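Okay, structure first, notes after.
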Amino acid sequence: MDVNRVKQILSSSAEIDVTYNGASVWIDQLNEDGRTATVHLRGPLEERTTVEISELQERS
């Protein structure tokens, strides 16, 4: 995924299915470096982690 798509997803009101290493995640924010984002797993766990945006994938 690229930085522009991350920005589009963050500004969208639609629920867009994004995965990281095969797990569905929510993107919380694009980090200031422009290469990483803070995400958390969908579901009851709210543990946040920083990942490279290039490793995020959008399911179609």
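List of remarks:
- Contact order for the chain, expressed relative to its length and based on alpha carbon pairs under 8 Å spaced 6+ residues apart, stands at 36 percent.
- Whole-percent carbon and sulfur share, accessible surface of the chain, 1.4 Å: 44 percent
- Probe 1.4 Å, accessible area per residue of the chain, Å²: 68 Å²
- HN-Hα J in Hz across segment 9-26 - Karplus 6.51, -1.76, 1.60, θ = phi - 60°, x for Gly and Pro: 5, 5, 8, 7, 8, 6, 8, 9, 7, 10, 10, 9, 6, x, 9, 5, 9, 9
- Across segment 35-45, coupling constants 3J(HN,Hα) worked out from phi with the 6.51/-1.76/1.60 Karplus curve, θ = phi - 60°, read 10, 10, 9, 9, 10, 9, 5, 5, x, x, 7 Hz, and Gly and Pro carry x.
- Shape call, the chain: gyration tensor on alpha carbons, a/c limit 1.5: rounded
- Under 5 Å from the amide H of Thr36 lie the amide H atoms of Asn31, Ile53, each residue being 5 or more positions distant or on a separate chain, with H modelled from the backbone and absent for Pro and chain starts.
- For segment 1-59, a simple Cβ point-charge model (Lys and Arg +1, Asp and Glu -1, everything else neutral) yields a dipole of about 120 debye relative to the Cα centre.
The values are calculated or read from the model by the stated rules, or taken from the named source; none is laboratory data. Please read all numbers here as calculations on a predicted model, not as lab measurements. Backbone-built Cβ (ideal geometry, glycine too); neighbour counts: all protein chains shown. Each accessible area value is taken on the protein alone, full model and side chains, heavy atoms only, with ligands, DNA and RNA left out. Shrake-Rupley method; radii C 1.70, N 1.55, O 1.52, S 1.80 Å.
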